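The values are calculated or read from the model by the stated rules, or taken from the named source; none is laboratory data. Bear in mind that the values here come from a model prediction, so they are computed numbers and not experimental data. We place every Cβ from the backbone using ideal geometry, glycine too, and count neighbours over all the protein chains shown.
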């Protein structure tokens, strides 16, 4: 069973629909016991980083994530769910993240259309099971902020003059800045790969 964490923020229905289509059993839940006993966990995120972290912490999910890491349960962060894994974000102030990974979430700067909305190519730079065979494929992004850099980047994208991490992997934690549930066949392949870990 794949648990999709419901903390009041995120594209929950679309993620579940994609998993249903692929034949994976999943549940949208805010029950900590269900999450801790799931075979895999998805941390979605939509909207502002600060609001997402406030709700996440208020509901006591920070401790749950660290317990899942101790148990080596595969976790997939999506969009803001990826950004939350890092130390801090500078979106409308300074907000502390989970601090699992070193790095900051910063805004695209310059004379560009922001947010980045739409399809963009990813450059896969490792043999991650999640992205195997998907180098130079196009996926769907919706974001104004990006991770500045990460030693754990598994792919990169280029937008607004910046090459930034499009996905990461650290131990049992995987994450994508883009939305696999909105990325057509490529996104379904990524979710299938995650479900089969």
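Report whether or not residue 141 is within 12 Å of the chain's Cα centre (by Cα), more than 28 Å from residue 70 (Cβ to Cβ) and either assigned to a strand (DSSP E or B) or modelled with pLDDT under 95 (or both). Explain how you work it out, then say what you get.
Values: within 12 Å of the chain's Cα centre (by Cα): yes; more than 28 Å from residue 70 (Cβ to Cβ): yes; either assigned to a strand (DSSP E or B) or modelled with pLDDT under 95 (or both): yes.
Here the answer is yes, as residue 141 does meet what is asked.
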In the stretch 48-61, what count of residues is obtained for those that are assigned to a loop (DSSP other than H, G, I, E, B) and exposed (fewer than 15 other Cβ atoms within 10 Å of the Cβ)?
1
Hey, among the residues in the stretch 88-112 that are in contact with a helix residue (DSSP H, G or I) (Cβ under 8 Å, 6 or more places away or on another chain) and in a loop (DSSP other than H, G, I, E, B), which one's surrounded by the fewest Cβ atoms within 10 Å (Cβ to Cβ)?
93
Looking only at the stretch 18-28, decide whether some residue is over 27 Å from residue 156 (Cα atoms), in contact with a strand residue (DSSP E or B) (Cβ under 9 Å, 6 or more places away or on another chain) and touching a residue at least 60 places away in the same chain (Cβ under 8 Å).
yes
For the subset of the stretch 122-132 comprising residues that are in contact with a helix residue (DSSP H, G or I) (Cβ under 8 Å, 6 or more places away or on another chain) and in a loop (DSSP other than H, G, I, E, B), which member is farthest from residue 197 (Cα to Cα)?
122
Please find, within the stretch 1-17, the residue that is surrounded by the most Cβ atoms within 10 Å (Cβ to Cβ) out of those that are in contact (Cβ under 8 Å) with a residue 40 or more places away in the chain and not in a loop (DSSP other than H, G, I, E, B).
5
Evaluate the stretch 150-169: report whether one residue or more is touching a residue at least 60 places away in the same chain (Cβ under 8 Å) and not in a strand (DSSP E or B).
yes
Filter the stretch 144-185 for residues that are touching a helix residue (DSSP H, G or I) at 6+ places or on another chain (Cβ under 8 Å) and surrounded by fewer than 20 Cβ atoms within 10 Å (Cβ to Cβ); the one that is farthest from residue 19 (Cα to Cα) is 171
So, in the stretch 62-80, of the ones that are in contact with a helix residue (DSSP H, G or I) (Cβ under 8 Å, 6 or more places away or on another chain) and assigned to a helix (DSSP H, G or I), which residue ends up surrounded by the fewest Cβ atoms within 10 Å (Cβ to Cβ)?
71
Just name the residue that is farthest from the chain's Cα centre (by Cα) out of those in the stretch 113-137 that are surrounded by 13 or more Cβ atoms within 10 Å (Cβ to Cβ) and closer than 30 Å to residue 93 by Cβ.
114
